[in-house]
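Below is one structure, written out as structure tokens, with a few remarks after it.
The values are calculated or read from the model by the stated rules, or taken from the named source; none is laboratory data. None of the values given here were measured: they were computed from a predicted structure. Glycine also receives a Cβ, built like all others from the backbone with ideal geometry; neighbour counts cover every protein chain displayed. Note: areas computed on protein heavy atoms with side chains; ligands, DNA, RNA excluded. Shrake-Rupley method; radii C 1.70, N 1.55, O 1.52, S 1.80 Å.
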Amino acid sequence: MPQAESTGKCPFSAPDTPEELARSWSVYQPWLQQDPVSHWNTVRELAPVVRSEEAGGFWILTRYEDIEWAAKNADVFSSAQVGIPHRDVLPVKQIPIQLDGDEHRNWRRTLSDLFNPSVVNHFEPQMRQAAVEAIEPIAAKGECEFITEFATALPAETFLMNFGIGREYLQPLLEHKTWLRRVGIPNARNDEELWAANRPLWDFFSEAIDRRRAEGTEGRMDVFSRLLESTYDGRKPTQDEMVNAAFVSMLASLDTTTAALGLVFLHLAENPQVQDLIARSPESIPAIVEELVRHEPVSTTGRILTQDVERHGVTMRKGDRVMLSWGMSGLDPEVFERPDEVDFSRASTRQLAFGIGPHRCLGMHVARRILKVALEEWHRRIPRYHLAAGSTPTRHYSPARGVADLRLVAG
């Protein structure tokens, strides 16, 4: 019999004490989906290091300085297992997310120039055009379901541009990704079934590399063209390695950027004074993006310890898993004054939304640019908007906290 029935407690009700909150913490808990932030603040005040017994047990670092410390000590906090619970979505390690040490450093050297600001600048006109083409039909009809009609499509189109895959492949990519997230991964009974579920998407990227190789790479700045001309540790990357990097980039970027767009536009829809600020001072958009990314936590990942380590009097053992909530670190009052308030003139921008240390997000420049372009082009065409009458945005926590349904009306 489920515990909720035996205790009379609703499964969507949070535990009654901070200790029970910590012990029951999981990004998949039903009672955390709508509002994890207030519960996180309670757990952070409990202790800097707490223990959850969910998913086999793991430690949680609740404060900014400890999350930053762990991220900078990647030799102790290994990225070999990045999920809690962890699933091996590929039969090999994900490049570069699951790699450590020299192997990780060598791949970062190979990949980092493929996502730098100059590359983002190169693709911005195409990104902006994709945003405009998505917004104009919305402006014409005066309403939309923002997540499906805009927040999902724009990051996916940007991904295709960056990797040199034609926009005509947008729907196949979204269909593969959506099926994998909603059906393939949840229903896989073991890793072998999970790998089989990933195979169509793996083949999709392999075929894209073959097309680029056949068409030629000269003068192109897309990721696949530059990967075909690059070296890793003194040799050419293999086809499987290039597909691996593309697959991982898709998983790491699409959901998180969609989540960030949803949370940012939800805040804007509920705060018309910020819409007015954008219309009055569009130059403020970068600061608005940075503050809202801090204020609206998105990403959570995991690490596994390579040795015993002590922090704040707590000994964590080799093989233990540790949860790092990059987004929630932006709410730490020891680092950010009045962290629960939105302040676009905030002096400190030391947020960890995109991580820090050797595993800092490769796609952070792309993600920031997508948010900037989205706010610019949207507010040029739809300067005022609000939540549709009677609608309630459907929030979710998970490793990428976001909004599943957001109905907006112009005016």
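Within the stretch 216-248, the residues that satisfy the criterion of being within 20 Å of Gln94 (Cβ to Cβ) and polar (S, T, N, Q) are Ser230, Thr238, Gln239, Asn244. Scanning the stretch 228-258 for residues that are part of a helix (DSSP H, G or I) and of a type outside the set (A, V, I, L, M) yields a count of 11. In this structure, Thr158 qualifies as in a helix (DSSP H, G or I) and either among the polar types (S, T, N, Q) or on the phi > 0 side of the Ramachandran plot (or both). Annotation for the stretch 193-206: at least one member residue is assigned to a helix (DSSP H, G or I), open to solvent by 20 Å² or more (accessible area, probe 1.4 Å) and modelled with pLDDT of 95 or more. Only one entry of Glu149, Glu192 meets the criterion of being within 23 Å of Ala260 (Cβ to Cβ), out of contact with any Pro (no Cβ under 6 Å at 6 or more places or on another chain), of a type in the set (Asp, Glu) and without any contact (Cβ under 8 Å) to a residue 40 or more places away in the chain, and that entry is Glu149. His365 - would you say it is open to solvent by 60 Å² or more (accessible area, probe 1.4 Å), in contact (Cβ under 8 Å) with a residue 12 or more places away in the chain and under 17 Å from the mean Cα position of the chain (by Cα)? Considered against the rule, which asks whether it is open to solvent by 60 Å² or more (accessible area, probe 1.4 Å), in contact (Cβ under 8 Å) with a residue 12 or more places away in the chain and under 17 Å from the mean Cα position of the chain (by Cα), His365 comes out as yes.
Residues are listed down the side, and each one gets a yes or a no for (1) at negative phi; (2) small (Gly, Ala, Ser); (3) buried (at least 21 other Cβ atoms within 10 Å of the Cβ):
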| residue | (1), (2), (3) |
| --- | --- |
| Gly142 | no, yes, no |
| Thr148 | yes, no, no |
| Ala153 | yes, yes, no |
| Gly164 | no, yes, yes |
| Arg167 | yes, no, no |
| Pro172 | yes, no, no |
| Lys177 | yes, no, no |
| Asn187 | yes, no, no |
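State whether one or more residues within the stretch 238-253 are among the small types (Gly, Ala, Ser), open to solvent by less than 30 Å² (accessible area, probe 1.4 Å), without any contact (Cβ under 8 Å) to a residue 60 or more places away in the chain and more than 25 Å from Val403 (Cβ to Cβ). Checking the stretch 238-253: not a single residue is among the small types (Gly, Ala, Ser), open to solvent by less than 30 Å² (accessible area, probe 1.4 Å), without any contact (Cβ under 8 Å) to a residue 60 or more places away in the chain and more than 25 Å from Val403 (Cβ to Cβ). When the stretch 49-72 is examined, which residues are found to be more than 18 Å from Gln351 (Cα to Cα) and either open to solvent by 10 Å² or more (accessible area, probe 1.4 Å) or of a type in the set (A, V, I, L, M) (or both)? Matches in the stretch 49-72: Val49, Val50, Arg51, Glu53, Glu54, Ala55, Gly56, Trp59, Ile60.
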